[in-house]
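All remarks here apply to the structure that follows.
The values are calculated or read from the model by the stated rules, or taken from the named source; none is laboratory data. A quick note: this is a predicted structure, and the numbers were derived from the prediction, not measured. Note that each Cβ is placed from the backbone with ideal geometry, even for glycine, and that neighbours are counted across all protein chains shown. The area values use the complete protein model at the heavy-atom level, side chains included, leaving out ligands, DNA and RNA. Shrake-Rupley method; radii C 1.70, N 1.55, O 1.52, S 1.80 Å.
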Amino acid sequence: MPKAVVMSAAHAPLQVREIPEPALEPGAAVLRTLYSEVCGTDVHLHHGKLRVPFPIIPGHVSVGVVDKARGDLKDIDGQPIKEGDTVTFLDVHETCNNCWYCLVARQPTKCPNRKVYGISYSATEGLLGGWAEAIWMKPGVKMIKIPRDLDPDTFIGGGCGLVTALHAVDMAQIRLDESVAVLGVGPVGQSCVAFASLSGAGEIIAVGAPEDRLAFAKRMGATHALDLDIPPEARLETIRRLTGGRGVDAVIEASGSPDAVSQALDMVRDGGRVVVCGHYTDNGAIEMHPHWQLNRKHVELKGCWGSRYDHFHRAVSLTARFGAMKPWREMVSGRFGLDRAGDALAAVENRTAIKALIVPN
Ligand SMILES: [Zn+2]
Ligand SMILES: [Zn+2]
């Protein structure tokens, strides 16, 4: 039986357990896992900050090789997916296309029926998380073959942050030469910088810590880096100086700090856009000033939750196209076997690794 890491409850030590392989119904497959990432969300899960059906097998973005497949599996172009193919898959599954959010609001990321591998499936249901030797692809899971010109290390280096960042950069509607501030230099912030730069942004100001992550953001395309050691007023002054006194056209908040949302509203120019994607879990409340920070500034403030298939699809394609230019693969600073998943989680929590990978086989 394949081994998997099981998170049995919040704060409980991770265990390695054997989980039965599924009986494959037509359209299903089993992957032999190459990599599964350790994301900040996994740290939040372990802290009990998201309501999930414990016990779970963590790991939502993964790359694997199709080991067994039953029936005709095809990608969205109608190309066959066969045993031996290296694939990744959209972790979000069972978006129903049959509810009010799917059909009327057309906001499928808010579909109440969606399930996410590694987060909202229970380990009692089977191999439905990536920190495992094998992952069960239920029928209908959207798999994408890793293109020949894409090193799987590049894709998984960007990982889940790629998809979130692409959604956020889309929502920020960056035009050529516009200025952008990205708050937070974790995996999401790094990919926001990369995609802003690929979108033709002018000044790209990364704000965060520690110093090595800011240096990495410059390699991703940031034109300026502002350390959190600099007081917020001084950071604001620098941003105004770089933008003719007006503030940046768009700010993407990817740090998860509640104060950063207020700072974003101060940094943005009148009539600009602020996208918040860093608050996937509840990090607390802030005070804001509706007159000065929002209404009078004529600011668009947008929340960005989850991602859709189109973000995932384009993220694969973008890493294939620009992987040589943007050093996503170098974001991986730790690789851990299943028995060391606890160390991997600690490395991400303590920020000793921008990105850690579980390498189960
Ligand atoms: Zn739905
Ligand atoms: Zn994630």
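I need to check one value: relative contact order of the stretch 63-183, counting alpha carbon pairs closer than 8 Å and at least 6 residues apart, in percent.
21 percent
Give me a comma-separated list of calculated 3J(HN,Hα) values for the stretch 21-37, in order, Karplus coefficients 6.51, -1.76, 1.60 applied at θ = phi - 60°, integers in Hz, x for any Gly or Pro.
Calculated HN-Hα couplings, in order: 5, x, 7, 7, 7, x, x, 9, 8, 10, 9, 8, 6, 8, 9, 9, 8 Hz.
Taking every DSSP beta bridge that has both residues in the chain, what percent is antiparallel when rounded to the nearest 5?
Here the antiparallel bridges make up roughly 55 percent for the chain.
In whole Hz, with x marking every Gly and Pro, tabulate ³J(HN,Hα) for the stretch 206-211 from phi via Karplus 6.51 cos²θ - 1.76 cosθ + 1.60, θ = phi - 60°.
8, 10, x, 6, x, 4
Tell me, how many Å apart are the Cα centres for the stretch 18-64 and for the stretch 94-124?
Cα centres, the stretch 18-64 to the stretch 94-124: 17 Å.
Between 0 and 90 degrees, rounded to the nearest ten: what's the tilt of helix 232-242 against the longest Cα principal axis of the chain?
Orientation of helix 232-242: about 80 degrees from the principal axis.
May I ask for the net charge around residue 101, where only other residues with Cβ less than 14 Å from the Cβ of residue 101 are counted and Lys, Arg are +1 while Asp, Glu are -1?
Result for the neighbourhood of residue 101: +3.
Counting only protein heavy atoms, what percent of the accessible surface of the stretch 120-233 is carbon or sulfur at a 1.4 Å probe?
Ligands and nucleic acids excluded, carbon and sulfur give 52 percent.
On a straight-distance basis, which lysines could pair with residue 218 in a cross-link, Cα separation under 22 angstrom, same-chain partners fewer than 8 positions away excluded?
Once the sequence-local lysines are set aside, what remains near residue 218 is 326, 355.
GNM, the chain, Cα, under 10 Å: largest mean-square fluctuation among 126, 78, 245?
78
Tell me the mean residue ellipticity at 222 nm calculated for the chain from its helices only (DSSP H runs of n ≥ 4, each -39500 (n - 2.57), averaged over every residue, nearest 500).
Computed mean residue ellipticity for the chain: -8000 deg cm²/dmol.
Provide the solvent-accessible area of residue 35, counting protein heavy atoms only and rolling a 1.4 Å probe, rounded to the nearest 10 Å².
The accessible area of residue 35 comes to roughly 40 Å².
With the cut-off at 23 Å, tell me which of the pairs 138/302; 68/142; 110/302 have Cα atoms farther apart than that.
As for pairs spanning more than 23 Å Cα to Cα, those are 138/302.
Collect residues whose amide H, placed 1.01 Å from N in the peptide plane, falls under 5 Å from the amide H of residue 75; neighbours closer than 5 in sequence don't count.
Amide H to amide H, under 5 Å and 5 or more residues apart or across chains, residue 75 pairs with 81.
For the chain, set up a GNM with springs between Cα atoms under 10 Å and report which of 42, 249, 282 has the largest fluctuation.
Answer for the Gaussian network model of the chain: 282.
Apply the Karplus parameterisation 6.51 cos²θ - 1.76 cosθ + 1.60, with θ equal to phi minus 60°, to every residue of the stretch 341-350 and state each ³J(HN,Hα) to the nearest whole Hz, in sequence, with x for glycine and proline.
Each residue's phi maps through the Karplus curve to give 4, x, 5, 4, 4, 5, 4, 6, 5, 7 Hz.
Give the relative contact order (percent, whole number) for the stretch 1-145; include only Cα pairs under 8 Å separated by 6+ residues.
About 32 percent, as a whole number.
Under the rule a/c < 1.5 gives rounded, and otherwise a/b versus b/c splits prolate from oblate, where does the stretch 163-303 land using the Cα gyration tensor?
Judged from the Cα gyration tensor, the stretch 163-303 comes out rounded (a/c under 1.5).
Say we join alpha carbon atoms closer than 10 Å with springs in a Gaussian network model of the chain; which of 100, 131, 305 then has the biggest fluctuation?
Of the options given, 100 has the highest mean-square fluctuation.
Using a probe radius of 1.4 Å on heavy atoms only, what accessible surface per residue do you get for the stretch 1-141? Whole Å² is fine.
Ligands and nucleic acids excluded, the figure is 44 Å² per residue.
In terms of the Cα gyration tensor, with a ≥ b ≥ c the square roots of its eigenvalues, is the stretch 1-120 rounded because a/c is under 1.5, prolate because a/b exceeds b/c, or oblate?
oblate
Just need the relative contact order of the chain here, percent rounded to a whole number, with Cα pairs under 8 Å and 6+ apart.
18 percent
If you fit an axis through the alpha-carbon atoms of helix 187-198 and take the longest principal axis of the Cα set of the chain, what angle between them do you get, 0 to 90°, nearest 10?
That works out to roughly 70 degrees.
Using a 1.4 Å probe, how large is the accessible area of residue 286, given in Å² and rounded to the nearest 10?
Probe radius 1.4 Å; accessible area of residue 286 about 60 Å².
Pick out, from 267, 193, 73, the residue whose Cα sits farthest towards the positive end of the charge dipole of the chain, with +1 on the Cβ of Lys and Arg and -1 on the Cβ of Asp and Glu.
Toward the positive end, the furthest listed residue is 73.
Quick query: amide H of residue 335 versus all other amide H atoms, modeled in the peptide plane; which residues come in under 5 Å with a sequence gap of 5 or more or a different chain?
Those qualifying (amide H under 5 Å, at least 5 residues apart or on another chain) are 357.
Tell me which residues come under 5 Å, amide H to amide H, from residue 16 once H is placed; ignore anything under 5 positions away on its chain.
Hits under the 5 Å cutoff: 6.
How much accessible area does residue 269 have with a 1.4 Å probe, in Å² rounded to the nearest 10?
About 50 Å², rounded to the nearest 10.
Enter the Cα centre distance for the pair the stretch 132-156 and the stretch 326-341, rounded to the nearest angstrom.
For the stretch 132-156 versus the stretch 326-341, the Cα centre distance is 16 Å.
Which angle between 0 and 90 degrees, to the nearest 10, do you get for helix 258-267 versus the longest principal axis of the chain when only C-alpha atoms count?
Rounded to the nearest ten degrees, it is 50.
All other residues with a Cβ under 13 Å from the Cβ of residue 239 taken together, and with Lys, Arg as +1 and Asp, Glu as -1, what is their net charge?
Taking every other residue near residue 239 into account, the sum is 0.
Top to bottom by accessible area (1.4 Å), largest first, where do 326, 82 land?
Heavy-atom accessible area, descending, gives 82, 326.
Any idea of the accessible area per residue across the stretch 256-348, 1.4 Å probe, to the nearest Å²?
With the other protein chains kept in place, the stretch 256-348 gives 50 Å² per residue.
If you rank 83, 37 by how much accessible surface each has, with a 1.4 Å probe, what is the order from largest down?
If we order 83, 37 from most to least accessible, we get 83, 37.
For the chain, give the magnitude of the charge dipole about the Cα centre (Cβ charges: +1 Lys/Arg, -1 Asp/Glu; no others), in debye to the nearest 20.
For the chain, the charge dipole is close to 540 debye.
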